[in-house]
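**Q** Provided herewith is a single structure, encoded as structure tokens, for subsequent inquiry.
The values are calculated or read from the model by the stated rules, or taken from the named source; none is laboratory data. Treat the numbers as computed from the prediction; the structure is a model and nothing was measured. Quick reminder, even Gly has a Cβ in these numbers, built from the backbone with ideal geometry, and neighbours come from all protein chains shown.
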Amino acid sequence: MEIFVPPHRCFWCDDSQVYRDYHDTEWGFPVLDDTHLFEKICLEGFQSGLSWLTILKKRDNFRLAFNGFDIASVARFTQKDIERLMADAGIVRHRGKIEAAINNARCAEKFLESESSLAAYFWRFEPEQNIGPKACDVASLNVLTQSKESVALSKDLKARGWKFVGPTTMYAFMQAIGLMNDHEVGCHVREAATEARRQVKFPANS
């Protein structure tokens with residue numbers, strides 16, 4: 001009788017099917033679409049101080065509440081929308097984070113008046129060697145909470161008026177959108193994420 005051996009994954013995702021699905025199909029794969037990037041950076045801000053699993057379970061509710069994270073739409077949210085969101089039990093009801101998402105949509109809209117895309121901007125911060133960690137255990141993850149690139153991205157965004165974009169939050173954002181491949185060596189998704197990065201058409205530092 002053949003014994004099923006599950007594929008090896010980064011250890012942080014093994015306790016939930018929601019985590020496993022996200023890990024296998026999204027985490028660490030390149031994101032180039034501006035709406036998706038805006039969603040990712042907003043959700044990372046909402047995650048601050050909470051578990052990412054909490055955010056994933058509420059993601060559909062967030063998308064509905066924030067009009068699919070359409071930048072122009074969110075940029076025009078009013079005080080009435082803030083109160084609507086504060087009453088929405090399907091999302092994280094944190095006034096500061098809600099106001100930050102609206103603020104950041106306005107910052108993104110202003111940014112796009114002079115820049116071609118959010119994608120071109122964010123990918124300028126890709127590390128020169130996108131190789132990820134050699135190990136991925138509790139000890140290494142405690143170290144891998146920020147990088148010189150996430151510090152630089154955080155500093156630049158804050159200078160542009162963005163909020164809830166600290167260097168640790170930006171490191172998680174950069175991991176999520178494939179700016180670095182932090183899949184554990186031996187993880188069955190690592191090579192797929194690496195190959196997906198090879199297929200990105202525009203230069204990372206354009």
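**Q** What number of residues in the range 88-104 are farther than 10 Å from Gly45 by Cα and within 15 Å of the chain's Cα centre (by Cα)?
**A** The total comes to 1.
**Q** For the range 152-192, enumerate the residues that are closer than 16 Å to Pro127 by Cα and of a type in the set (Val, Ile, Thr).
**A** Thr168, Ile177
**Q** Next up: Of everything in the range 54-83, what is among the basic types (Lys, Arg) and in contact (Cβ under 8 Å) with a residue 12 or more places away in the chain? Give them in sequence order.
**A** Lys57, Lys58, Arg59, Arg63
**Q** Cβ contacts < 7 Å: first residue farther than 17 Å from Thr78 by Cβ, restricted to the range 91-104; second residue of a type in the set (D, E, K, R), any location; separation 6+ or different chain. Result?
**A** If the second residue must be of a type in the set (D, E, K, R), the pairs left are Ile91/Lys58; Val92/Lys58.
**Q** Just need a number here: residues in the range 38-83 that are of a type in the set (S, T, N, Q) and outside any helix (DSSP H, G or I).
**A** Adding up the residues that qualify gives 3.
**Q** Out of contact with any strand residue (DSSP E or B) (no Cβ under 9 Å at 6 or more places or on another chain) and under 23 Å from Ala152 (Cα atoms), is that true of Lys97?
**A** The answer is yes for Lys97.
**Q** Is it fair to say Ile177 is β-branched (Val, Ile, Thr), modelled with pLDDT of 95 or more and under 15 Å from the mean Cα position of the chain (by Cα)? Spell out how you get there, then give the answer.
**A** Numbers: β-branched (Val, Ile, Thr): yes; modelled with pLDDT of 95 or more: yes; under 15 Å from the mean Cα position of the chain (by Cα): yes.
Here the answer is yes, as Ile177 does meet what is asked.
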